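Asker: I am attaching a structure below and will ask some questions about it afterwards.
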Amino acid sequence: MNQATPQLETRHYLLLVGVALGGILAPLNSTMIAVALPELREDFDISHGTIAWLVSAYLIAMAVAQPAGGRISDQLGRARVYRLGLFAFLACSLAAMFSPNFTVLVVFRTGQALAGAVLIPNGMAMLRESVPVGMLGRINGLNGALIGTSAAAGPVIGAGLLALGSWRLLFLVNVPVVAMALLLLIWIPYKDRPSEGRLKLDWQGAALFAVVLVALTYLFSSLRVDRDVIILSLVAAVLTVFGAAFAWRQFTADLPIVQWRLFRLRTFVGATSHVMLTNLVMYTTLLAIPFFIRDVQDGGSTRSGLLLGSMSILMAVVAPISGRVADAVGRRWPALAGSFCALAASVYLLVGLDEDVSFIYLAFGLALLGLGVGLGFGSATTAAIESAPRSLAGSAAGTSSMMRYVGSIVGAGLLSGILNTSGGSVPGIDTFRLIMGLVAAFAALSIISASQIHLFPREEADL
(Lines give C-alpha, C1' and ligand atoms only; values in the text may rest on other atoms or scores of the structure.)
Protein backbone atom coordinates (compact mmCIF):
# COMPACT_ATOMS: atom_id res chain seq x y z
CA MET A 1 0.00 0.00 0.00
CA ASN A 2 1.39 3.38 -1.03
CA GLN A 3 1.94 5.98 1.66
CA ALA A 4 0.02 9.23 1.39
CA THR A 5 1.92 12.18 -0.01
CA PRO A 6 2.89 14.52 2.83
CA GLN A 7 1.00 17.81 2.83
CA LEU A 8 1.82 21.23 4.20
CA GLU A 9 -0.65 22.54 6.77
CA THR A 10 -1.54 26.07 7.83
CA ARG A 11 0.67 25.76 10.90
CA HIS A 12 3.66 25.02 8.68
CA TYR A 13 3.14 28.21 6.71
CA LEU A 14 2.58 30.25 9.88
CA LEU A 15 5.77 28.82 11.35
CA LEU A 16 7.55 29.70 8.12
CA VAL A 17 6.39 33.33 8.35
CA GLY A 18 7.42 33.59 12.01
CA VAL A 19 10.81 32.03 11.33
CA ALA A 20 11.38 34.12 8.20
CA LEU A 21 10.58 37.39 9.99
CA GLY A 22 13.34 36.68 12.48
CA GLY A 23 15.61 35.28 9.79
CA ILE A 24 15.45 38.40 7.62
CA LEU A 25 16.72 40.68 10.40
CA ALA A 26 20.40 39.79 10.08
CA PRO A 27 20.70 39.93 6.26
CA LEU A 28 18.42 42.99 6.05
CA ASN A 29 20.60 44.92 8.49
CA SER A 30 23.72 43.56 6.84
CA THR A 31 22.89 44.97 3.39
CA MET A 32 20.63 47.90 4.29
CA ILE A 33 23.69 49.72 5.57
CA ALA A 34 25.42 49.33 2.16
CA VAL A 35 23.91 52.42 0.54
CA ALA A 36 24.63 54.45 3.69
CA LEU A 37 28.36 53.67 3.76
CA PRO A 38 29.42 56.71 1.66
CA GLU A 39 27.29 59.00 3.88
CA LEU A 40 28.59 57.38 7.07
CA ARG A 41 32.18 57.76 5.85
CA GLU A 42 31.62 61.48 5.31
CA ASP A 43 29.62 61.93 8.51
CA PHE A 44 32.34 60.43 10.72
CA ASP A 45 35.20 61.68 8.47
CA ILE A 46 36.90 58.29 8.12
CA SER A 47 38.61 56.33 5.32
CA HIS A 48 37.34 53.51 3.08
CA GLY A 49 39.31 51.05 5.20
CA THR A 50 37.87 52.30 8.49
CA ILE A 51 34.24 52.35 7.34
CA ALA A 52 34.70 48.77 6.12
CA TRP A 53 35.03 47.66 9.75
CA LEU A 54 31.36 48.57 10.27
CA VAL A 55 30.59 45.78 7.82
CA SER A 56 33.43 43.41 8.73
CA ALA A 57 32.79 43.47 12.50
CA TYR A 58 29.14 42.58 11.89
CA LEU A 59 30.05 39.72 9.56
CA ILE A 60 32.78 38.36 11.83
CA ALA A 61 30.40 38.29 14.79
CA MET A 62 27.80 36.49 12.69
CA ALA A 63 30.31 33.92 11.42
CA VAL A 64 31.68 33.16 14.89
CA ALA A 65 28.30 33.01 16.60
CA GLN A 66 26.32 31.10 13.93
CA PRO A 67 27.50 27.60 14.92
CA ALA A 68 27.09 28.49 18.61
CA GLY A 69 23.58 29.73 17.88
CA GLY A 70 22.66 26.38 16.38
CA ARG A 71 24.33 24.48 19.23
CA ILE A 72 22.50 26.56 21.86
CA SER A 73 19.16 25.62 20.32
CA ASP A 74 20.14 21.94 20.29
CA GLN A 75 20.72 22.16 24.06
CA LEU A 76 18.22 24.68 25.46
CA GLY A 77 15.27 24.52 23.06
CA ARG A 78 14.70 26.27 19.76
CA ALA A 79 11.69 28.49 20.46
CA ARG A 80 13.05 29.74 23.78
CA VAL A 81 16.40 30.75 22.29
CA TYR A 82 14.70 32.23 19.22
CA ARG A 83 12.58 34.60 21.33
CA LEU A 84 15.61 35.70 23.37
CA GLY A 85 17.47 36.43 20.14
CA LEU A 86 14.62 38.62 18.90
CA PHE A 87 14.55 40.70 22.09
CA ALA A 88 18.34 41.16 22.07
CA PHE A 89 18.38 42.17 18.41
CA LEU A 90 15.75 44.84 19.01
CA ALA A 91 17.61 46.26 22.04
CA CYS A 92 20.89 46.59 20.10
CA SER A 93 19.09 48.16 17.13
CA LEU A 94 17.57 50.91 19.26
CA ALA A 95 20.91 51.53 20.98
CA ALA A 96 22.74 51.74 17.62
CA MET A 97 20.25 54.36 16.44
CA PHE A 98 21.54 56.79 19.10
CA SER A 99 25.28 56.04 18.68
CA PRO A 100 27.30 59.23 19.40
CA ASN A 101 30.39 58.12 17.43
CA PHE A 102 31.67 55.47 15.02
CA THR A 103 33.16 53.19 17.70
CA VAL A 104 29.88 52.95 19.60
CA LEU A 105 28.03 52.27 16.36
CA VAL A 106 30.39 49.36 15.58
CA VAL A 107 29.86 47.94 19.09
CA PHE A 108 26.06 47.90 18.85
CA ARG A 109 26.14 46.63 15.27
CA THR A 110 28.26 43.76 16.55
CA GLY A 111 25.66 43.19 19.25
CA GLN A 112 23.01 42.99 16.55
CA ALA A 113 25.04 40.33 14.81
CA LEU A 114 25.53 38.24 17.95
CA ALA A 115 21.80 38.33 18.67
CA GLY A 116 20.91 37.59 15.06
CA ALA A 117 23.28 34.63 14.99
CA VAL A 118 20.78 32.46 16.85
CA LEU A 119 17.87 33.32 14.56
CA ILE A 120 18.73 31.83 11.16
CA PRO A 121 20.07 28.40 12.27
CA ASN A 122 17.32 28.00 14.90
CA GLY A 123 14.65 28.89 12.39
CA MET A 124 16.00 26.44 9.83
CA ALA A 125 16.19 23.71 12.46
CA MET A 126 12.60 24.43 13.60
CA LEU A 127 11.43 23.97 10.01
CA ARG A 128 13.47 20.76 9.67
CA GLU A 129 11.79 19.27 12.75
CA SER A 130 8.24 20.39 11.85
CA VAL A 131 7.91 20.04 8.07
CA PRO A 132 7.53 16.65 6.29
CA VAL A 133 10.76 15.59 4.58
CA GLY A 134 9.19 15.58 1.12
CA MET A 135 8.11 19.20 1.51
CA LEU A 136 11.29 20.55 3.09
CA GLY A 137 12.77 21.76 -0.20
CA ARG A 138 9.65 23.80 -0.96
CA ILE A 139 9.57 25.37 2.50
CA ASN A 140 13.30 26.09 2.49
CA GLY A 141 12.91 27.61 -0.96
CA LEU A 142 10.28 30.00 0.39
CA ASN A 143 12.39 30.73 3.46
CA GLY A 144 15.47 31.30 1.31
CA ALA A 145 13.44 33.58 -0.96
CA LEU A 146 12.40 35.76 1.97
CA ILE A 147 15.89 35.87 3.47
CA GLY A 148 17.58 36.46 0.12
CA THR A 149 15.03 39.06 -0.91
CA SER A 150 15.46 40.92 2.37
CA ALA A 151 19.22 41.02 1.77
CA ALA A 152 18.76 42.35 -1.75
CA ALA A 153 15.89 44.69 -0.85
CA GLY A 154 17.85 46.15 2.06
CA PRO A 155 19.58 48.76 -0.12
CA VAL A 156 16.23 49.91 -1.55
CA ILE A 157 14.80 50.33 1.93
CA GLY A 158 18.00 52.02 3.06
CA ALA A 159 17.93 54.44 0.13
CA GLY A 160 14.32 55.35 0.89
CA LEU A 161 15.05 56.03 4.54
CA LEU A 162 18.14 58.06 3.65
CA ALA A 163 15.99 60.18 1.38
CA LEU A 164 13.74 60.90 4.37
CA GLY A 165 16.59 61.89 6.67
CA SER A 166 19.50 60.44 8.64
CA TRP A 167 21.06 56.97 8.46
CA ARG A 168 19.81 56.54 12.04
CA LEU A 169 16.32 55.85 10.68
CA LEU A 170 17.55 52.55 9.24
CA PHE A 171 17.47 50.90 12.67
CA LEU A 172 13.75 51.64 13.21
CA VAL A 173 12.83 49.09 10.54
CA ASN A 174 13.54 46.31 13.03
CA VAL A 175 10.79 47.32 15.48
CA PRO A 176 7.71 46.09 13.50
CA VAL A 177 9.58 43.02 12.20
CA VAL A 178 10.51 41.82 15.69
CA ALA A 179 7.02 42.58 17.03
CA MET A 180 5.31 40.50 14.32
CA ALA A 181 7.76 37.62 14.71
CA LEU A 182 7.19 37.47 18.47
CA LEU A 183 3.41 37.51 18.09
CA LEU A 184 3.47 34.64 15.58
CA LEU A 185 5.84 32.50 17.64
CA ILE A 186 3.65 32.96 20.71
CA TRP A 187 0.53 32.03 18.76
CA ILE A 188 1.84 29.05 16.74
CA PRO A 189 1.81 25.67 18.52
CA TYR A 190 5.39 24.38 18.38
CA LYS A 191 6.62 21.36 20.31
CA ASP A 192 10.03 22.48 21.49
CA ARG A 193 13.01 20.26 22.18
CA PRO A 194 13.44 19.50 25.89
CA SER A 195 16.12 21.58 27.54
CA GLU A 196 19.28 19.76 28.65
CA GLY A 197 19.39 22.12 31.63
CA ARG A 198 22.83 23.60 31.09
CA LEU A 199 24.71 25.29 28.30
CA LYS A 200 27.92 23.72 27.00
CA LEU A 201 29.81 25.62 24.31
CA ASP A 202 33.38 25.89 23.14
CA TRP A 203 33.93 29.50 24.21
CA GLN A 204 37.70 29.18 23.77
CA GLY A 205 37.27 27.95 20.21
CA ALA A 206 34.89 30.82 19.43
CA ALA A 207 37.39 33.38 20.76
CA LEU A 208 40.23 31.86 18.72
CA PHE A 209 38.07 31.87 15.59
CA ALA A 210 37.21 35.55 16.13
CA VAL A 211 40.90 36.49 16.41
CA VAL A 212 41.67 34.58 13.20
CA LEU A 213 38.93 36.41 11.27
CA VAL A 214 39.93 39.84 12.63
CA ALA A 215 43.58 39.25 11.69
CA LEU A 216 42.58 38.01 8.23
CA THR A 217 40.36 41.06 7.68
CA TYR A 218 43.17 43.42 8.75
CA LEU A 219 45.57 41.83 6.27
CA PHE A 220 42.98 42.08 3.48
CA SER A 221 42.42 45.78 4.25
CA SER A 222 46.18 46.38 3.96
CA LEU A 223 46.52 45.09 0.39
CA ARG A 224 47.00 48.50 -1.24
CA VAL A 225 48.00 50.66 1.72
CA ASP A 226 51.51 51.34 2.99
CA ARG A 227 51.44 49.71 6.41
CA ASP A 228 54.32 49.31 8.83
CA VAL A 229 56.11 46.07 7.93
CA ILE A 230 56.57 45.19 11.60
CA ILE A 231 52.82 45.54 12.28
CA LEU A 232 51.91 43.45 9.25
CA SER A 233 54.42 40.79 10.32
CA LEU A 234 52.92 40.70 13.81
CA VAL A 235 49.39 40.36 12.41
CA ALA A 236 50.53 37.57 10.08
CA ALA A 237 52.15 35.82 13.06
CA VAL A 238 48.95 36.19 15.09
CA LEU A 239 46.96 34.71 12.20
CA THR A 240 49.31 31.74 11.94
CA VAL A 241 49.52 31.00 15.67
CA PHE A 242 45.87 31.51 16.46
CA GLY A 243 44.84 29.64 13.31
CA ALA A 244 46.87 26.62 14.44
CA ALA A 245 45.48 26.92 17.98
CA PHE A 246 41.93 27.07 16.63
CA ALA A 247 42.48 23.95 14.50
CA TRP A 248 43.98 22.08 17.47
CA ARG A 249 41.11 23.17 19.72
CA GLN A 250 38.50 21.95 17.26
CA PHE A 251 40.04 18.49 17.11
CA THR A 252 40.46 18.15 20.89
CA ALA A 253 37.41 19.88 22.41
CA ASP A 254 34.48 17.76 23.58
CA LEU A 255 32.03 20.18 21.96
CA PRO A 256 33.90 22.08 19.22
CA ILE A 257 32.37 25.27 17.88
CA VAL A 258 31.85 23.54 14.54
CA GLN A 259 30.80 19.91 14.05
CA TRP A 260 33.75 19.11 11.80
CA ARG A 261 32.62 15.54 11.32
CA LEU A 262 29.87 16.97 9.10
CA PHE A 263 32.63 17.75 6.60
CA ARG A 264 33.09 14.02 6.09
CA LEU A 265 29.89 14.23 4.04
CA ARG A 266 30.57 15.16 0.42
CA THR A 267 27.21 16.87 -0.01
CA PHE A 268 27.70 18.97 3.11
CA VAL A 269 31.10 20.13 1.85
CA GLY A 270 29.77 20.89 -1.62
CA ALA A 271 26.62 22.64 -0.39
CA THR A 272 28.32 24.80 2.25
CA SER A 273 31.11 25.72 -0.19
CA HIS A 274 28.51 26.70 -2.77
CA VAL A 275 26.66 28.83 -0.23
CA MET A 276 29.94 30.50 0.82
CA LEU A 277 31.09 31.28 -2.73
CA THR A 278 27.69 32.44 -3.96
CA ASN A 279 27.33 34.78 -1.00
CA LEU A 280 30.87 36.07 -1.59
CA VAL A 281 29.89 36.93 -5.17
CA MET A 282 26.64 38.62 -4.19
CA TYR A 283 27.99 40.48 -1.16
CA THR A 284 31.10 41.83 -2.86
CA THR A 285 28.96 43.17 -5.70
CA LEU A 286 26.42 44.55 -3.25
CA LEU A 287 29.07 46.57 -1.38
CA ALA A 288 31.01 47.65 -4.48
CA ILE A 289 28.10 49.18 -6.43
CA PRO A 290 27.38 52.13 -4.05
CA PHE A 291 31.06 53.14 -4.09
CA PHE A 292 31.17 52.78 -7.89
CA ILE A 293 28.11 55.00 -8.26
CA ARG A 294 29.48 57.60 -5.82
CA ASP A 295 33.20 57.60 -6.71
CA VAL A 296 33.10 56.93 -10.47
CA GLN A 297 29.71 58.19 -11.65
CA ASP A 298 29.11 60.83 -8.94
CA GLY A 299 25.63 59.41 -8.30
CA GLY A 300 23.57 59.27 -5.13
CA SER A 301 22.15 56.68 -2.75
CA THR A 302 18.79 56.50 -4.56
CA ARG A 303 20.45 55.32 -7.78
CA SER A 304 22.52 52.78 -5.84
CA GLY A 305 19.50 51.51 -3.95
CA LEU A 306 17.43 51.02 -7.10
CA LEU A 307 20.28 49.21 -8.84
CA LEU A 308 20.89 46.85 -5.96
CA GLY A 309 17.16 46.34 -5.58
CA SER A 310 17.04 44.96 -9.11
CA MET A 311 18.67 41.82 -7.71
CA SER A 312 15.72 41.20 -5.42
CA ILE A 313 13.04 40.87 -8.12
CA LEU A 314 14.18 37.62 -9.70
CA MET A 315 15.40 36.30 -6.35
CA ALA A 316 11.90 36.69 -4.91
CA VAL A 317 10.25 35.00 -7.89
CA VAL A 318 12.76 32.23 -8.55
CA ALA A 319 13.77 31.05 -5.05
CA PRO A 320 10.43 29.39 -4.13
CA ILE A 321 10.15 27.90 -7.62
CA SER A 322 13.68 26.51 -7.36
CA GLY A 323 12.69 24.86 -4.07
CA ARG A 324 9.88 23.00 -5.82
CA VAL A 325 12.21 22.07 -8.67
CA ALA A 326 14.77 20.77 -6.17
CA ASP A 327 12.11 18.51 -4.61
CA ALA A 328 11.28 17.17 -8.08
CA VAL A 329 14.62 16.84 -9.90
CA GLY A 330 17.14 16.93 -7.05
CA ARG A 331 19.22 19.53 -5.22
CA ARG A 332 22.22 19.57 -7.55
CA TRP A 333 20.67 20.93 -10.74
CA PRO A 334 19.23 24.20 -9.37
CA ALA A 335 22.53 24.90 -7.59
CA LEU A 336 24.49 24.32 -10.80
CA ALA A 337 22.12 26.51 -12.80
CA GLY A 338 22.47 29.25 -10.20
CA SER A 339 26.27 29.11 -10.37
CA PHE A 340 26.29 29.38 -14.16
CA CYS A 341 23.93 32.38 -14.00
CA ALA A 342 26.14 34.07 -11.39
CA LEU A 343 29.20 33.51 -13.59
CA ALA A 344 27.42 34.90 -16.66
CA ALA A 345 26.30 37.97 -14.68
CA SER A 346 29.80 38.61 -13.33
CA VAL A 347 31.41 38.38 -16.77
CA TYR A 348 28.68 40.60 -18.25
CA LEU A 349 29.29 43.29 -15.63
CA LEU A 350 33.07 43.03 -16.04
CA VAL A 351 32.96 43.40 -19.83
CA GLY A 352 30.62 46.41 -19.84
CA LEU A 353 31.98 48.32 -16.85
CA ASP A 354 33.13 51.86 -17.68
CA GLU A 355 32.57 55.43 -16.47
CA ASP A 356 29.49 55.92 -18.64
CA VAL A 357 27.86 52.50 -18.26
CA SER A 358 24.10 52.93 -18.25
CA PHE A 359 21.66 52.29 -15.45
CA ILE A 360 19.85 49.71 -17.63
CA TYR A 361 23.05 47.78 -18.35
CA LEU A 362 23.96 47.57 -14.67
CA ALA A 363 20.39 46.71 -13.64
CA PHE A 364 20.26 43.80 -16.12
CA GLY A 365 23.56 42.37 -14.88
CA LEU A 366 22.51 42.65 -11.24
CA ALA A 367 19.12 41.09 -12.00
CA LEU A 368 20.90 38.15 -13.67
CA LEU A 369 23.06 37.80 -10.56
CA GLY A 370 19.90 37.81 -8.43
CA LEU A 371 18.51 35.04 -10.64
CA GLY A 372 21.60 32.94 -9.97
CA VAL A 373 21.48 33.45 -6.22
CA GLY A 374 17.75 32.69 -6.15
CA LEU A 375 18.21 29.48 -8.11
CA GLY A 376 20.95 28.03 -5.97
CA PHE A 377 20.49 29.25 -2.41
CA GLY A 378 17.44 27.22 -1.38
CA SER A 379 18.56 23.91 -2.85
CA ALA A 380 22.12 24.19 -1.49
CA THR A 381 20.95 25.18 1.98
CA THR A 382 18.43 22.32 2.04
CA ALA A 383 21.08 19.85 0.89
CA ALA A 384 23.48 20.96 3.64
CA ILE A 385 20.92 20.52 6.42
CA GLU A 386 19.35 17.28 5.22
CA SER A 387 22.75 15.66 4.67
CA ALA A 388 23.25 15.71 8.46
CA PRO A 389 21.54 13.53 11.11
CA ARG A 390 18.39 15.09 12.57
CA SER A 391 20.01 15.36 15.98
CA LEU A 392 22.59 17.72 14.48
CA ALA A 393 20.12 19.82 12.47
CA GLY A 394 20.86 22.96 14.48
CA SER A 395 24.62 22.47 14.23
CA ALA A 396 24.41 21.76 10.49
CA ALA A 397 22.30 24.88 9.92
CA GLY A 398 24.63 26.97 12.07
CA THR A 399 27.75 25.74 10.29
CA SER A 400 26.16 26.30 6.88
CA SER A 401 25.20 29.84 7.87
CA MET A 402 28.69 30.39 9.26
CA MET A 403 30.21 29.49 5.90
CA ARG A 404 27.86 31.94 4.21
CA TYR A 405 29.17 34.72 6.43
CA VAL A 406 32.77 33.62 5.93
CA GLY A 407 32.14 34.26 2.23
CA SER A 408 30.83 37.73 3.07
CA ILE A 409 33.86 38.44 5.30
CA VAL A 410 36.30 37.49 2.55
CA GLY A 411 34.35 39.60 0.04
CA ALA A 412 34.17 42.64 2.34
CA GLY A 413 37.86 42.28 3.26
CA LEU A 414 39.02 42.05 -0.35
CA LEU A 415 36.82 45.00 -1.30
CA SER A 416 38.22 47.06 1.57
CA GLY A 417 41.80 46.23 0.60
CA ILE A 418 41.27 47.08 -3.05
CA LEU A 419 39.39 50.35 -2.40
CA ASN A 420 41.56 51.52 0.49
CA THR A 421 44.35 53.14 -1.54
CA SER A 422 47.24 55.03 0.04
CA GLY A 423 46.75 58.78 0.37
CA GLY A 424 42.97 58.48 0.41
CA SER A 425 42.67 58.86 -3.39
CA VAL A 426 39.32 58.05 -4.97
CA PRO A 427 39.33 54.60 -6.67
CA GLY A 428 38.98 54.68 -10.45
CA ILE A 429 37.32 52.47 -13.04
CA ASP A 430 40.24 50.00 -13.24
CA THR A 431 39.84 49.31 -9.52
CA PHE A 432 36.23 48.27 -9.98
CA ARG A 433 37.12 46.15 -13.02
CA LEU A 434 39.59 44.28 -10.81
CA ILE A 435 36.81 43.70 -8.28
CA MET A 436 34.45 42.29 -10.90
CA GLY A 437 37.22 40.06 -12.25
CA LEU A 438 37.65 38.51 -8.80
CA VAL A 439 33.88 38.12 -8.49
CA ALA A 440 33.79 36.20 -11.78
CA ALA A 441 36.58 33.88 -10.58
CA PHE A 442 34.69 33.01 -7.38
CA ALA A 443 31.49 32.41 -9.37
CA ALA A 444 33.39 29.90 -11.51
CA LEU A 445 34.58 28.07 -8.37
CA SER A 446 30.98 27.78 -7.14
CA ILE A 447 30.21 25.59 -10.16
CA ILE A 448 32.69 22.98 -8.91
CA SER A 449 31.12 23.05 -5.43
CA ALA A 450 27.59 22.66 -6.79
CA SER A 451 28.62 19.55 -8.73
CA GLN A 452 29.30 17.75 -5.40
CA ILE A 453 25.75 18.18 -4.04
CA HIS A 454 23.53 15.10 -3.91
CA LEU A 455 20.34 14.78 -5.93
CA PHE A 456 18.17 13.33 -3.14
CA PRO A 457 19.05 12.60 0.51
CA ARG A 458 19.12 9.32 2.33
CA GLU A 459 16.73 8.89 5.22
CA GLU A 460 19.48 9.44 7.81
CA ALA A 461 23.11 10.35 7.28
CA ASP A 462 25.84 8.13 8.76
CA LEU A 463 28.78 9.80 10.54
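Asker: Can you confirm whether Leu127 is modelled with pLDDT under 85 and in contact with a His (Cβ under 9 Å, 6 or more places away or on another chain)?
Answerer: yes
Asker: Right, here's the next one. Out of all the residues in the stretch 83-104, which are over 17 Å from Leu28 (Cβ atoms) and either touching a Leu at 6+ places or on another chain (Cβ under 7 Å) or surrounded by 19 or more Cβ atoms within 10 Å (Cβ to Cβ) (or both)?
Answerer: Selection gives Arg83, Ser99.
Asker: Among the residues in the stretch 362-375, are any among the β-branched types (Val, Ile, Thr) and out of contact with any Lys or Arg (no Cβ under 9 Å at 6 or more places or on another chain)? Working first, answer last.
Answerer: Residues of the stretch 362-375 that are among the β-branched types (Val, Ile, Thr), as a first pass: 373.
In the following step, the residues that additionally are out of contact with any Lys or Arg (no Cβ under 9 Å at 6 or more places or on another chain) were identified as 373.
Yes, because at least one residue in the stretch 362-375 is among the β-branched types (Val, Ile, Thr) and out of contact with any Lys or Arg (no Cβ under 9 Å at 6 or more places or on another chain).
Asker: Anything in the stretch 393-437 that is at pLDDT below 75, part of a helix (DSSP H, G or I) and more than 20 Å from His274 (Cβ to Cβ)? List them, or say none.
Answerer: Gly394, Ser422, Gly423, Gly424
Asker: Here's another thing I want to ask about it. Go through (1) touching a helix residue (DSSP H, G or I) at 6+ places or on another chain (Cβ under 9 Å); (2) closer than 19 Å to Gly352 by Cα for Asp298 and report which single condition fails.
Answerer: Among (1) touching a helix residue (DSSP H, G or I) at 6+ places or on another chain (Cβ under 9 Å); (2) closer than 19 Å to Gly352 by Cα, the lone unmet condition for Asp298 is (1).
Asker: Tally up the residues in the stretch 436-456 that are more than 21 Å from the chain's Cα centre (by Cα) and either of a type in the set (D, E, K, R) or more than 15 Å from Pro334 (Cβ to Cβ) (or both), please.
Answerer: Total meeting the criteria: 1.
Asker: For the stretch 271-306, how many residues are assigned to a helix (DSSP H, G or I) and free of Cβ contacts under 8 Å to residues at least 60 places away in the same chain?
Answerer: Here the count works out to 2.
Asker: Another question about this same structure. What about Asn174, is it at pLDDT below 80, within 20 Å of the chain's Cα centre (by Cα) and at negative phi?
Answerer: Numbers: at pLDDT below 80: no; within 20 Å of the chain's Cα centre (by Cα): yes; at negative phi: yes.
Here the answer is no, as Asn174 does not meet what is asked.
Asker: Is there a residue in the stretch 318-329 that is among the basic types (Lys, Arg) and modelled with pLDDT of 80 or more?
Answerer: no
Asker: Conditions first: (1) buried (at least 17 other Cβ atoms within 10 Å of the Cβ); (2) more than 30 Å from Arg78 (Cα to Cα). Gly437 passes all but one, so which condition is the exception?
Answerer: Against the list (1) buried (at least 17 other Cβ atoms within 10 Å of the Cβ); (2) more than 30 Å from Arg78 (Cα to Cα), Gly437 comes up short only on (1).
Asker: Of everything in the stretch 322-357, what is part of a helix (DSSP H, G or I) and out of contact with any helix residue (DSSP H, G or I) (no Cβ under 8 Å at 6 or more places or on another chain)? Give them in sequence order.
Answerer: Ala328, Val329, Val351 - these are the residues of the stretch 322-357 that are part of a helix (DSSP H, G or I) and out of contact with any helix residue (DSSP H, G or I) (no Cβ under 8 Å at 6 or more places or on another chain).
Asker: Now for a separate question. Name the residues in the stretch 29-55 that are assigned to a helix (DSSP H, G or I), polar (S, T, N, Q) and at pLDDT below 85, would you?
Answerer: Within the stretch 29-55, Ser30, Thr31, Thr50 qualify.
Asker: Give the number of residues within the stretch 325-345 that are touching a Leu at 6+ places or on another chain (Cβ under 7 Å) and surrounded by 19 or more Cβ atoms within 10 Å (Cβ to Cβ).
Answerer: Qualifying residue count for the region: 8.
Asker: Can you pull out the residues in the stretch 346-396 that are free of Cβ contacts under 8 Å to residues at least 40 places away in the same chain and crowded, with 24+ Cβ neighbours inside 10 Å?
Answerer: Residue satisfying the conditions is Gly365 alone.
The values are calculated or read from the model by the stated rules, or taken from the named source; none is laboratory data. Predicted, not measured: the structure shown is a model, and the values here were computed from it. Glycine gets a Cβ as well: all are built from the backbone with ideal geometry, and neighbour counts include every protein chain shown.
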